[in-house]
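The values are calculated or read from the model by the stated rules, or taken from the named source; none is laboratory data. Keep in mind the model is a prediction, meaning the values are calculated, not measured. With ideal geometry, Cβ positions are generated from the backbone for all residues, glycine too; neighbour counts draw on all protein chains shown. Side chains are part of the model used for accessible areas, which takes the heavy atoms of the whole protein and leaves out ligands, DNA and RNA. Shrake-Rupley method; radii C 1.70, N 1.55, O 1.52, S 1.80 Å.
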2 protein chains.
Amino acid sequence: MTTPKVIVSPVCEVTCFEQEKVARIKAELAQEEQQLPRLAELYKLLGNTTRLKILLALAQGELCVCDVAHVLNLTVAATSHQLKLLRDQGWLAMRNDGKMVYYRLQSEALLQVLKGDLRLLEERLA
Amino acid sequence: MTTPKVIVSPVCEVTCFEQEKVARIKAELAQEEQQLPRLAELYKLLGNTTRLKILLALAQGELCVCDVAHVLNLTVAATSHQLKLLRDQGWLAMRNDGKMVYYRLQSEALLQVLKGDLRLLEERLA
DNA sequence: GCCTCATTTAGATATTTGCGAAAATGATGA
DNA sequence: TCATCATTTTCGCAAATATCTAAATGAGGC
């Protein structure tokens, strides 16, 4: 209901050296409270070589689950699982054709991000 | 010892529908074999709201461990641990001043990436 | 209706991760 | 030298993750 003026922290026994700065930063972070978990979810999804490979593979065009599994050298079950994770967050689309299921990238945007981030890594090495 | 010419897959009993395409994609992915784990490492690091908050907090300027802990509402030990992870991968720099240790962003580049990726998320919502 | 086969889902298990508590470090200052 | 205090490290545990095997689903063709 009411917004307390003093921010009470569970670690309040520990000295806080720049209370005002800390309070200000906390307030700013609070504004991003909606976005941050979403962003973290995206990064969690990307933080796995198997899924990165899936994205890069599908950048070449759609593939059935079985062929993705071959690309990954992984069981079909594990592959299907990873595809589902990517699809659940809306980054992949699928298409049924008889018994087969074909997956493809939902958009190019994610790929652009990947490439941008790869560039960052390369710059840092230099 | 010897490199086999034929790539043997552990899932070779499963039908592969587009062998050539799969082989081509595997070859292309093999070229990125150096970069992909690095990229995944970066994303793993970013795939955690605590660490994202640290990066955004330090975007405002350097902070001592203790103050970062206050911003996060986390124990100093846990905070120190997360700071170390970010520092080990070279994204943070630190400075000693007596007993205090101040952390700061190593460069603005990572922040730019964060903002770019946030933009992607926002576009997708629209 | 049944059989086949691609895919998905359901356990089960091993590994990784994030955190707190407590012990260890390392610098300051008496 | 000794006590203090910010930080780091170690340990242990709970939760999440990635993969496998095996069972379930669902579409096609006989």
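Laid out as a table, the results:
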quantity	calculated
Test: residue in region A:67-78 that is more than 10 Å from chain B (Cβ to nearest Cβ) and surrounded by 17 or more Cβ atoms within 10 Å (Cβ to Cβ)	no
Identity of the residue in region A:82-119, of a type in the set (D, E) and farther than 16 Å from A:C66 by Cα, that ends up nearest to DNA strand D (Cβ to nearest atom)	A:D88
Any hit, region B:29-41, residues being within 13 Å of DNA strand C (Cβ to nearest atom), under 18 Å from A:E41 (Cα atoms) and either assigned to a helix (DSSP H, G or I) or open to solvent by less than 10 Å² (accessible area, probe 1.4 Å) (or both)	yes
Residue check for B:L46: within 10 Å of DNA strand D (Cβ to nearest atom), within 30 Å of A:T50 (Cα to Cα) and open to solvent by less than 50 Å² (accessible area, probe 1.4 Å)	no
Single residue of region A:107-126 satisfying the filter (more than 9 Å from chain B (Cβ to nearest Cβ) and outside any helix (DSSP H, G or I)) that is farthest from A:L63 (Cα to Cα)	A:A126
Complete set of residues in region B:97-121 that are open to solvent by 90 Å² or more (accessible area, probe 1.4 Å) and either at pLDDT 95 or above or not assigned by TED's automatic domain parsing to the domain that holds B:Q60 (or both)	B:R104, B:Q106
Test set (1) among the aliphatic types (A, V, I, L, M); (2) within 12 Å of DNA strand C (Cβ to nearest atom); (3) out of contact with any strand residue (DSSP E or B) (no Cβ under 9 Å at 6 or more places or on another chain) - B:L56 fails condition number	(2)
Boolean, B:L86 is within 8 Å of chain A (Cβ to nearest Cβ) and part of a helix (DSSP H, G or I)	no
Region A:55-76: number of residues that are in a helix (DSSP H, G or I) and near DNA strand D (Cβ under 10 Å from one of its atoms)	3
